[in-house]
Amino acid sequence: MILGIGCDIIELRRVARLLEEKRKIDLIFTHEEQRYCESRGVARLASFAGRFAAKEAVSKALGCGIGTVSWLDIEVVKEPDKAPYVRFYGEAARLIADRKHSRMHISLSHGEDYAAANAVWEGGING
């Protein structure tokens with residue numbers, strides 16, 4: 001059963017401006033996300049933008065948006081040869097825990113000017 005869906009799209013130039021301030025980077029992206037994105041070379045900006053969009057999409061799927069959950073409550077993780085997935089902390093972890101046996105599916109995409117993400121929160125009837 002689908003518990004929630006979310007999507008987001010962001011202009012890469014908006015994220016480029018955000019990345020000019022280290023303080024803002026630390027408020028939005030976990031240290032692991034920063035390490036991963038910085039390792040991406042020419043794909044650095046697109047990687048940050050995809051994660052930004054994914055965090056927005058996930059917060060929408062949770063039904064609350066950023067504010068109820070913080071940027072750092074949602075971490076987008078990418079391991080070699082695997083699809084990206086989400087780790088939850090803080091309020092986001094509590095919301096997920098309230099629905100036992102649920103999963104969040106995410107998909108990220110980016111082009112020359114935009115990054116987009118979709119999130120689907122899935123759980124059983126009792127989950």
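What the table shows:
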{"item": "Boolean, R23 is crowded, with 19+ Cβ neighbours inside 10 Å and either touching a strand residue (DSSP E or B) at 6+ places or on another chain (Cβ under 8 Å) or not in a loop (DSSP other than H, G, I, E, B) (or both)", "result": "no"}
{"item": "Condition broken by K82, with the remaining ones in (1) closer than 17 Å to R103 by Cα; (2) in contact (Cβ under 8 Å) with a residue 24 or more places away in the chain satisfied", "result": "(2)"}
{"item": "So Y36, is it surrounded by fewer than 17 Cβ atoms within 10 Å (Cβ to Cβ) and either of a type outside the set (D, E, K, R) or touching a residue at least 24 places away in the same chain (Cβ under 8 Å) (or both)", "result": "no"}
{"item": "Boolean, S59 is in contact with a Gly (Cβ under 7 Å, 6 or more places away or on another chain), in contact (Cβ under 8 Å) with a residue 12 or more places away in the chain, within 22 Å of M1 (Cβ to Cβ) and polar (S, T, N, Q)", "result": "yes"}
{"item": "G50 being in contact with a His (Cβ under 6 Å, 6 or more places away or on another chain) and either at pLDDT 95 or above or open to solvent by less than 20 Å² (accessible area, probe 1.4 Å) (or both)", "result": "yes"}
{"item": "Test: residue in segment 71-91 that is closer than 19 Å to L18 by Cβ and open to solvent by 80 Å² or more (accessible area, probe 1.4 Å)", "result": "no"}
{"item": "3 or more residues under 18 Å from I9 (Cα atoms) and touching a strand residue (DSSP E or B) at 6+ places or on another chain (Cβ under 7 Å): qualifying strands (runs of 3 or more DSSP E) within segment 56-111", "result": "74-77, 103-110"}
{"item": "Of all residues making up segment 53-83, the number that are in contact with a Lys or Arg (Cβ under 8 Å, 6 or more places away or on another chain), at pLDDT 95 or above and not aromatic (F, W, Y)", "result": "4"}
{"item": "Matching residues in segment 94-120 - criterion: being of a type outside the set (V, I, T), over 22 Å from F48 (Cα atoms) and open to solvent by less than 70 Å² (accessible area, probe 1.4 Å)", "result": "L95, A97, S102"}
{"item": "Residue in segment 75-93 that is of a type in the set (K, R) and in contact with a Pro (Cβ under 9 Å, 6 or more places away or on another chain) present", "result": "yes"}
{"item": "Residue match in segment 1-14 (condition: open to solvent by 70 Å² or more (accessible area, probe 1.4 Å), part of a helix (DSSP H, G or I) and touching a residue at least 40 places away in the same chain (Cβ under 8 Å))", "result": "yes"}
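The values are calculated or read from the model by the stated rules, or taken from the named source; none is laboratory data. A quick note: this is a predicted structure, and the numbers were derived from the prediction, not measured. Methodologically, a virtual Cβ is constructed for each residue, glycine included, from the backbone with ideal geometry; neighbour enumeration extends over all protein chains shown. Side chains are part of the model used for accessible areas, which takes the heavy atoms of the whole protein and leaves out ligands, DNA and RNA. Shrake-Rupley method; radii C 1.70, N 1.55, O 1.52, S 1.80 Å.
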